[in-house]
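I have placed the structure first, in the form of structure tokens, so that the comments after it can refer back to it.
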């Protein structure tokens, strides 16, 4: 594979995932050696110095970030986002995380039937949800509500959500039927 093609692929993957990605994952996904990935990271890092994004490489992970010289602009946008209402997508996503959490992005999108990246980002920015590594598989990210969410809702425990017990039972029945369908 030509080096410049690998650099383009690397940039596309990092942009799409919008979170830190391990060099091992990139090597497997792009089907090249770790050495080739590291070389492409260096080349992409140099290319990005002329633009509005940068690469951060830390503890074997790589992520795209905004260039520090645009921090004021980004702060302005974040402030505007926080002041806006959550909107239907945000409320739906928060409800799924509250009632079904911990939950993966894939599960949220399956339930909603649409891409939920923007809604999740908005909830993360507001501190209403948090990302964690899944127990048993640190490569998988799960979302849970935060203590701030409970405080905002005036609750001391997640089980105080309206119809929480009933919805939990429905979710269990739904998951059991999905497992049976997959097994048949």
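The values are calculated or read from the model by the stated rules, or taken from the named source; none is laboratory data. None of the values given here were measured: they were computed from a predicted structure. Here the Cβ positions follow ideal geometry from the backbone for every residue, glycine too, while neighbour counts run over all protein chains shown.
Side notes on the structure shown:
- So residue 178, is it outside any loop (DSSP other than H, G, I, E, B), modelled with pLDDT of 85 or more and farther than 21 Å from residue 90 by Cα: no
- Options 52, 60; residue that is closer than 26 Å to residue 133 by Cα, touching a strand residue (DSSP E or B) at 6+ places or on another chain (Cβ under 9 Å), loosely packed, with under 15 Cβ neighbours inside 10 Å and not assigned by TED's automatic domain parsing to the domain that holds residue 116: 60
- Flag for residue 103 being under 30 Å from residue 39 (Cβ atoms) and either surrounded by 12 or more Cβ atoms within 10 Å (Cβ to Cβ) or under 14 Å from the mean Cα position of the chain (by Cα) (or both): no
- Number of the exception - residue 91 against (1) loosely packed, with under 15 Cβ neighbours inside 10 Å; (2) outside the structural domain of residue 172 (by TED's automatic domain parsing): (2)
- Of all residues in the stretch 107-123, those that are assigned by TED's automatic domain parsing to the domain that holds residue 145 have Cβ atoms under 6 Å from Cβ atoms of residues that are modelled with pLDDT of 90 or more and part of a loop (DSSP other than H, G, I, E, B), 6 or more apart or on another chain, in 108/116; 109/116.
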